[in-house]
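Working notes, beginning with the structure itself.
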Amino acid sequence: MPKLTIDGVQVEVAPNTTILQAAEVAGSEIPRFCYHDRLSIAGNCRMCLVEVEKSPKPVASCAMPVAEGMVVHTKSPRANKARAGVMEFLLINHPLDCPICDQGGECDLQDQAMAYGFDRGRFDENKRSVPDKNMGPLIETSMNRCIHCTRCVRFATEIAGVPELGATGRGEDMEITTYLEKSVASELSGNVVDLCPVGALTSKPYAFNARPWELRKTESIDVLDAVGTNVRVDSRGREVMRVLPRINEDINEEWLADKSRHACDGLRYQRVDRPYVRIAGKLQPATWQEAFDAIAGRIGGVSGDKIAAIAGDLVDVEAMYALKGLMASLGSRNIDCRQDGAALDASVRASYIFNSTIAGIEQADSLLIIGANPRTEAPILNARIRKRFLKGGFKVGVIGEVGDLSYPTMQIGTTADLIAGRKSPEGSKNGMIIVGMGALARPDGAAILAAARKTAEENGLIRDDWNGFNVLHTAAGRVGGLDVGFVPGPGARDVNAILDSATKGEIEVVYLLGADEIDTAKLGKAFVIYQGHHGDRGAHRADVILPGAAYTEKDATYVNTEGRVQRANRAVFPPGEAREDWTIIRALSAVLGKTLPYDSLSQLRAALMGEHPVFTTLDAIQKAEWKPFGKEGSISATPLKSPIANYYMTDPISRNSRTMAQCTEEFVHGRPSSPSVQKTGTHG
């Protein structure tokens with residue numbers, strides 16, 4: 001490996017390492033605008049110029065490979081003078097509008113101009129003017145500020161797989177634009193705002209709402225899909241202003257899906273902020289005691305087999321564990337966290353997690369997707385699949401609907417009976433199977449699960465060093481619910497049986513814990529308790545409403561699709577009289593005379609970990625034991641379909657987001673709003 005000296009420090013690096021990368025190893029920081037670790041090298045900005053001994057001129061360190069014996073100076077007068085010259089050229093046409101720029105306070109150009117900029121300009125000619133572009137409801141443009149680093153172009157082409165951005169013209173006439181003035185139709189488009197080193201691309205929903213130094217920053221996780229993306233929640237007062245990604249190489253790298261980033265305005269609207277009780281057919285505001293008394297008065301005397309509970313997709317582990325304990329104390333085993341009816345076996349953990357892990361996708365050499373659309377169900381995971389495809393030697397087959405997954409696929413068919421006897425591509429060693437809820441949330445889901453397991457075993461995908469069987473969830477709370485055992489006991493009713501029994505009058509009381517995706521018309525005349533944070537479908541049917549907290553308003557545990565236990569942290573307090581979910585259940589248990597044995601979150605978590613050791617390990621993958629699962633049987637010829645028809649509206653938060661409503665209009669219904677309407681934002 002070549003050895004070189006950087007600022008007096010000798011380092012040894014791998015061949016083909018660039019000077020800029022080697023400088024990071026040596027502890028020297030080199031400024032840059034166009035270079036990004038996860039994008040191809042462009043060498044556009046020249047801000048990374050360094051002095052290399054025996055070189056007649058400064059060298060662009062991002063594009064120059066190291067050589068044996070090379071001596072590099074990153075802070076010499078010659079290097080600093082070169083960067084100062086580059087900075088002066090960059091600022092020739094850049095408008096000096098920092099006070100009104102949304103990027104102010106977190107702008108790379110601002111920071112580096114402080115280090116390398118002059119205190120005056122020598123350019124007397126007129127600055128060029130570039131018209132702003134309409135890139136859709138999420139991206140605000142001010143193209144006069146663009147420095148042509150092409151980060152956005154490379155991200156759209158390489159990471160998102162949507163080559164809709166490019167450059168036109170040459171020299172001073174060069175412009176970054178969308179083809180045919182089209183909006184950027186990608187579930188990852190918001191990441192170009194993070195990548196832009198100047199204020200050319202900013203967040204349209206967040207425009208002119210806050211400055212970064214006004215915000216309180218809380219590290220948390222996203223729950224609007226099952227990937228478990230690490231995020232930072234920025235809040236001001238009691239309001240969430242924006243959500244940004246945090247770096248986690250094993251899960252999301254440094255990307256964030258658009259719904260997870262921009263649906264946070266849905267936290268402000270249609271909130272349930274106080275208890276309600278239905279009186280004479282109408283929901284009336286009530287006190288907590290009145291709501292609890294109404295529940296106690298109705299449940300009293302009802303046998304446990306006539307009581308049921310259903311947990312929704314965004315519910316945290318602590319709340320499900322508390323509700324499970326309450327239902328057990330009432331003598332009911334009719335509980336289920338699979339509100340879509342997915343045939344998942346809670347007794348075998350390997351049967352319902354993404355065993356290959358998200359990072360493990362990069363070690364796979366083939367993939368079979370069954371009844372899933374990763375691009376809409378888990379955009380971050382889909383980006384990882386595309387990353388693997390770009391390395392080459394990776395074939396993807398699909399059984400079910402085939403959309404544009406941002407990488408080539410081969411359609412095997414649309415019916416699940418094609419799973420049986422399916423062989424891995426020739427030469428494949430680390431093959432993967434991804435089974436989605438479009439296959440499992442069907443009456444024959446158990447048979448499909450068994451067929452997929454058998455195919456994985458027959459193709460040698462289950463080994464000590466590799467497990468290629470994966471389930472892709474769409475609900476953030478699903479794996480945690482299965483881990484905690486929020487499923488019906490022997491002889492008890494699952495979600496479909498609960499709804500059927502409620503229709504027949506056999507179930508008299510139904511507790512909906514954030515369950516908004518069920519057919520509420522099937523609840524019949526049952527007494528419905530709804531606990532949640534939005535006035536969504538479940539609340540409309542409820543007889544008693546208990547206001548809970550959203551994921552940004554509580555300290556809670558979630559488990560992502562790969563079985564990784566993670567913690568969400570409270571960024572703001574719930575509105576009005578709303579409370580954290582487990583505390584509501586604990587208080588209700590006391591009123592019902594079935595007091596749960598914990599008074600604090602730490603006590604609850606201690607009991608949880610004592611009963612379910614999987615929760616003792618945070619932020620790590622726990623290998624699951626492989627056992628038989630599924631139920632062999634006939635498989636219907638009905639074509640497989642993705643469970644998500646509209647990516648932008650899948651849960652109570654996104655359904656109440658004005659930003660997601662705009663995205664739905666433009667990207668789903670094809671009715672783009674005018675730029676003037678979009679620029680008003682979503683906070684009016």
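The values are calculated or read from the model by the stated rules, or taken from the named source; none is laboratory data. Owing to the predicted nature of the structure, the values given are computational and were not obtained by experimental measurement. Counting neighbours? That spans all protein chains shown, and the Cβs are built from the backbone with ideal geometry, glycine included. Keep in mind that these areas ignore ligands, DNA and RNA; they rest on the heavy atoms of the full protein, side chains included. Shrake-Rupley method; radii C 1.70, N 1.55, O 1.52, S 1.80 Å.
So here's what we get for this one:
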read-out: Unique match (being of a type outside the set (Ser, Thr, Tyr), open to solvent by less than 20 Å² (accessible area, probe 1.4 Å), under 22 Å from the mean Cα position of the chain (by Cα) and farther than 27 Å from Ile100 by Cβ) among Leu138, Leu188; value: Leu188
read-out: Neighbours by Cβ (under 7 Å, 6+ apart or cross-chain): first from the stretch 52-77, in contact (Cβ under 8 Å) with a residue 40 or more places away in the chain; second assigned to a strand (DSSP E or B) and open to solvent by 60 Å² or more (accessible area, probe 1.4 Å); value: Glu68/Lys3
read-out: Among (1) free of Cβ contacts under 8 Å to residues at least 40 places away in the same chain; (2) in a loop (DSSP other than H, G, I, E, B) - the single one Gly489 does not satisfy; value: (1)
read-out: Within the stretch 39-81, tally of residues that are among the hydroxyl-bearing types (Ser, Thr, Tyr) and over 38 Å from the mean Cα position of the chain (by Cα); value: 3
read-out: The lone exception for Ala84 - which of (1) under 36 Å from the mean Cα position of the chain (by Cα); (2) outside any loop (DSSP other than H, G, I, E, B) it fails; value: (1)
read-out: Residue check, Tyr598 of a type outside the set (D, E, K, R), within 30 Å of Arg236 (Cα to Cα) and out of contact with any strand residue (DSSP E or B) (no Cβ under 7 Å at 6 or more places or on another chain); value: no
read-out: Residue within the stretch 222-232 that is over 16 Å from the mean Cα position of the chain (by Cα), farther than 30 Å from Leu592 by Cβ and open to solvent by 10 Å² or more (accessible area, probe 1.4 Å) present; value: no
read-out: Subset of the stretch 568-604 (residues that are over 13 Å from Asp316 (Cα atoms), assigned to a helix (DSSP H, G or I) and either in contact with a His (Cβ under 8 Å, 6 or more places away or on another chain) or open to solvent by 10 Å² or more (accessible area, probe 1.4 Å) (or both)); value: Arg586, Ala587, Ala590, Val591, Ser602, Gln603
read-out: Number of positions in the stretch 87-113 that are within 22 Å of Glu214 (Cα to Cα) and either of a type in the set (A, V, I, L, M, F, W, C) or in a loop (DSSP other than H, G, I, E, B) (or both); value: 11
read-out: Looking only at the stretch 79-109, and only at residues there that are buried (at least 18 other Cβ atoms within 10 Å of the Cβ) and free of Cβ contacts under 8 Å to residues at least 60 places away in the same chain, the one that is nearest to Gln10 (Cα to Cα); value: Ala79
read-out: Residue that is nearest to Glu517 (Cα to Cα), among those in the stretch 629-655 that are in a loop (DSSP other than H, G, I, E, B) and among the basic types (Lys, Arg); value: Lys641
read-out: Pair list, Cβ under 7 Å, 6 or more apart: the stretch 216-240 residue more than 18 Å from Glu254 (Cβ to Cβ), other residue in a loop (DSSP other than H, G, I, E, B) and open to solvent by 70 Å² or more (accessible area, probe 1.4 Å); value: Arg238/Phe573
read-out: Candidates Ala156, Ala226 - the one that is closer than 20 Å to Ile380 by Cβ, of a type in the set (A, V, I, L, M, F, W, C) and outside any loop (DSSP other than H, G, I, E, B); value: Ala156
read-out: Criterion (open to solvent by less than 20 Å² (accessible area, probe 1.4 Å) and outside any strand (DSSP E or B)) met by exactly one of Gly121, Gly161, Gly166; value: Gly161
read-out: First in the stretch 386-397 and more than 17 Å from Ala160 (Cβ to Cβ), second anywhere and open to solvent by less than 30 Å² (accessible area, probe 1.4 Å) and among the small types (Gly, Ala, Ser), Cβ under 6 Å, 6 or more apart; value: Lys395/Ser366
read-out: Hey, Ala280 over 26 Å from Leu608 (Cα atoms), out of contact with any strand residue (DSSP E or B) (no Cβ under 9 Å at 6 or more places or on another chain) and among the hydrophobic types (A, V, I, L, M, F, W, C) or not; value: yes
read-out: Subset of the stretch 168-212 [in contact (Cβ under 8 Å) with a residue 40 or more places away in the chain and among the aromatic types (Phe, Trp, Tyr)]; value: Tyr206, Phe208
read-out: Residues located in the stretch 494-536, provided they are touching a residue at least 40 places away in the same chain (Cβ under 8 Å), touching an Asp or Glu at 6+ places or on another chain (Cβ under 8 Å) and either aromatic (Phe, Trp, Tyr) or open to solvent by 30 Å² or more (accessible area, probe 1.4 Å) (or both); value: Asp494, Glu517, Phe527
read-out: Number of positions in the stretch 1-34 that are among the hydrophobic types (A, V, I, L, M, F, W, C) and within 29 Å of Leu109 (Cα to Cα); value: 11
read-out: Single residue of the stretch 354-368 satisfying the filter (over 19 Å from the mean Cα position of the chain (by Cα) and in a loop (DSSP other than H, G, I, E, B)) that is farthest from Ala624 (Cα to Cα); value: Asp365
read-out: Selection count where residues are open to solvent by 10 Å² or more (accessible area, probe 1.4 Å) and either among the hydroxyl-bearing types (Ser, Thr, Tyr) or free of Cβ contacts under 8 Å to residues at least 24 places away in the same chain (or both), scope the stretch 260-275; value: 1
read-out: Residues (more than 20 Å from Asn560 (Cα to Cα) and open to solvent by 10 Å² or more (accessible area, probe 1.4 Å)) located in the stretch 458-482; value: Glu458, Asn459, Gly460, Ile462, Arg463, Asp464, Asp465
read-out: Selection count where residues are part of a helix (DSSP H, G or I) and either within 30 Å of Arg453 (Cβ to Cβ) or in contact with a Lys or Arg (Cβ under 8 Å, 6 or more places away or on another chain) (or both), scope the stretch 605-628; value: 7
read-out: Test: residue in the stretch 274-294 that is under 31 Å from the mean Cα position of the chain (by Cα) and modelled with pLDDT of 95 or more; value: yes
read-out: Gly297 vs. criteria part of a loop (DSSP other than H, G, I, E, B), free of Cβ contacts under 8 Å to residues at least 60 places away in the same chain and farther than 29 Å from Ser654 by Cβ; value: no
read-out: Only listed residue being without any contact (Cβ under 8 Å) to a residue 12 or more places away in the chain and within 28 Å of the chain's Cα centre (by Cα), chosen from Thr595, Thr616; value: Thr616
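A quick yes/no check of all residues on (1) buried (at least 20 other Cβ atoms within 10 Å of the Cβ); (2) modelled with pLDDT of 95 or more:
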position	(1), (2)
Ala343	yes, no
Gly360	yes, yes
Ile369	yes, yes
Gly392	no, no
Gly400	yes, no
Gly403	no, no
Asp417	no, no
Glu426	no, no
